[in-house]
Structure formats: structure tokens, C-alpha cells
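First the structure, in the form of C-alpha cells, and then the observations on it.
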Amino acid sequence: MTIYRLLAFASFLSLLSCRTPDKSEEINLADGWRTLFNGQDMTGWRIKIAKHELDSNYANTFRVEDGLMKVRYDGYDDFDRQYGHIFFDESFSHYLFRVEYRFVGDQAPAGEGWALRNSGVMLHGQDPETMMKDQDFPISIEGQLLGGDGENNRTTSNLCTPGTNVVIDGELFTSHCLNSSSKTFHGEQWVVADFLVLGDSIIHHIIAGDTVLTYHKPQMGGGNVSNHNPEVKVDGQLIAEGFISLQSESHPIDFKRVEIFDLSTYKEQGKLEEVLQKLREAEGY
């Protein structure tokens with residue numbers, strides 16, 4: 001082989017090694033999912049229960065048993081509005097969050113009627129470090145989880161707004177809660193809820209592959225949060241990122257899968273729409 005052919009061959013190999021991977025190689029959905037709950041302990045999570053200091057797990061409210069994250073009240077004589085939240089200790093801006101949950105057993109003593117088979121996923125929440133000792137809920141967007149009562153229609157993956165507002169159909173939505181279009185899940189069956197959150201632009205609630213609620217421009221405002229630091233709540237300020245937490249609201253609940261697909265890197269690379277399309281196709285949205 002002449003020196004010229006050797007040089008040409010070396011140049012060809014160099015081009016191969018430096019070529020840009022095709023899109024199918026760049027985006028591997030299986031690699032994108034991250035498990036936040038390891039099924040063994042609460043590593044990476046922080047607890048804030050109203051009337052207690054941060055990281056105080058009053059009455060062993062949050063526990064891990066049988067590979068599940070459980071919320072229990074067997075140590076309570078009276079629920080006494082001690083609403084609790086367990087925060088993953090990292091903030092996110094653009095993501096698809098997935099949780100698999102089931103309601104079990106009976107409500108805690110003195111739990112309020114509206115909290116029967118009621119819990120929530122708090123999205124874009126405030127840093128738990130900024131919550132006051134007696135604060136009831138984090139300033140956040142709540143994906144409300146409801147279980148059927150055996151008789152009535154009770155949609156799940158609804159919207160509630162502790163210290164926040166959103167925009168729906170071009171109008172500022174200032175009521176506290178809005179029902180989704182989901183079906184009712186009675187009994188102690190497992191339910192998978194997805195939440196697609198894209199910064200301060202749009203949020204979708206998804207149940208069993210169906211988008212059951214959509215709204216825009218999450219922002220601070222309104223009421224439905226008590227005993228908070230008013231300096232943290234800047235009404236009208238859009239919420240582009242925040243912490244995710246799971247709720248204890250007086251009814252026992254189990255969480256099995258807790259996963260996230262972080263979309264921030266794809267947004268920075270200009271590939272957000274591409275990966276969203278792949279996710280829609282893979283998940284059947």
C-alpha cells in the first residue's frame with residue numbers, strides 16, 4: 001500500500017471516529033429514566049411535617065417496608081393537621097415524573113373529611129429549607145391523588161394550588177382545585193400517575209397513557225398555604241423549577257415506583273421536542 005493510500009485510509013478512519021451519531025444513537029430512553037426511591041431506605045429524601053422541624057420524621061410517618069415507601073399513622077393519637085411531605089433532595093425544571101401508588105387501610109384519627117383517600121405529588125415546590133416549622137404545605141403545584149370511596153366518582157391526578165396559580169385557556173385560574181378527566185380508581189389497586197413538567201411553560205397530568213389535565217404558566221399567588229415566610233412567596237412570579245415531594249395528608253398510602261426522566265439536558269441541546277416525541281411514542285401518550 002502506497003503512502004498516499006495509507007494517508008487516505010487513516011483520514012477515513014478519523015472521519016468515522018469523529019462522525020456525529022445519528023439521532024437513534026443519541027437518545028436512548030431506557031438510559032433516561034432515573035429511580036429516585038431505591039426500595040430499601042429513604043436515602044436522598046428529606047421530611048417536613050407541619051409543627052415539626054425539617055428532617056424530623058414524627059411518629060415514623062414515612063417508612064420503608066417490603067420494598068415500598070409507606071405513609072402510616074399508627075403513632076398518631078390525633079392527626080391534628082400535621083400535614084407532611086417527603087422531598088427528594090434535588091430540584092428539577094423540565095422532566096417527566098412517574099409515581100405508582102395505592103391507598104390502603106383507614107384514615108388517621110381526626111383526619112378531615114376532605115382528606116379521605118387523599119394525597120398528592122407536589123411539583124415545582126419550594127426548597128424545604130425555606131419552610132417554616134408550622135407551615136402546612138409547601139408552596140407548589142399539587143398533582144392531587146384521590147382514591148375512590150367505593151360509591152362516588154372521584155377523579156385522580158387533579159390540580160390543587162397551595163400558594164400558587166396557573167393559566168388555563170388563557171385565563172389566570174385562582175380557585176384552589178380543578179378536577180381532571182380521569183376515571184375513578186376504587187379499592188387498593190395500584191395506579192400509575194405521570195406528570196410532564198416543562199419549566200414555567202406547561203404541565204400535563206397523565207393517567208394510564210391519557211392526558212387528563214393541562215395548564216400553563218405555574219406561578220406563585222393566591223392562598224391555601226399557611227404559616228409560611230411571606231418573603232418566599234412572591235405573587236406573580238413564574239415558577240420555572242423546584243422540588244418534588246410526596247404527601248402525608250391523613251390517609252395511609254404506599255408508593256412503589258418513583259422515577260424521573262430529566263429533560264433539562266435535551267432542552268439545552270435543542271433536542272427537547274425530539275425526545276418528547278420518542279417518549280410519547282414509547283409510552284402511548
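Looking at H216, H205, can you tell me which residue is in contact (Cβ under 8 Å) with a residue 24 or more places away in the chain, surrounded by fewer than 19 Cβ atoms within 10 Å (Cβ to Cβ) and at negative phi? Explain how you work it out, then say what you get.
Values: H205 fails: surrounded by fewer than 19 Cβ atoms within 10 Å (Cβ to Cβ).
None of the others qualify; the one that does is H216.
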When restricted to K183, K233, the only residue of a type in the set (K, R), at pLDDT 95 or above and touching a strand residue (DSSP E or B) at 6+ places or on another chain (Cβ under 7 Å) is K233
Inspect all residues belonging to segment 115-128 and state whether any of them is free of Cβ contacts under 8 Å to residues at least 40 places away in the same chain, of a type outside the set (D, E, K, R) and more than 25 Å from T211 (Cβ to Cβ).
no
In segment 167-191, anything farther than 21 Å from I203 by Cα and in a loop (DSSP other than H, G, I, E, B) is listed as F185, H186, G187, E188, Q189, W190
With segment 38-135 as the region, which strands (runs of 3 or more DSSP E) entirely inside it contain at least 2 residues that are in contact with a helix residue (DSSP H, G or I) (Cβ under 9 Å, 6 or more places away or on another chain) and crowded, with 21+ Cβ neighbours inside 10 Å?
45-49, 84-92, 94-103
Reported set for segment 201-246 where residues are within 27 Å of I47 (Cβ to Cβ) and of a type in the set (D, E, K, R) is E231, K233, E241
Any residue at all in segment 149-158 that is surrounded by 15 or more Cβ atoms within 10 Å (Cβ to Cβ), under 25 Å from S91 (Cβ atoms) and at pLDDT 95 or above?
yes
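The values are calculated or read from the model by the stated rules, or taken from the named source; none is laboratory data. Model, not experiment: these values are computed from the prediction. Glycine also receives a Cβ, built like all others from the backbone with ideal geometry; neighbour counts cover every protein chain displayed.
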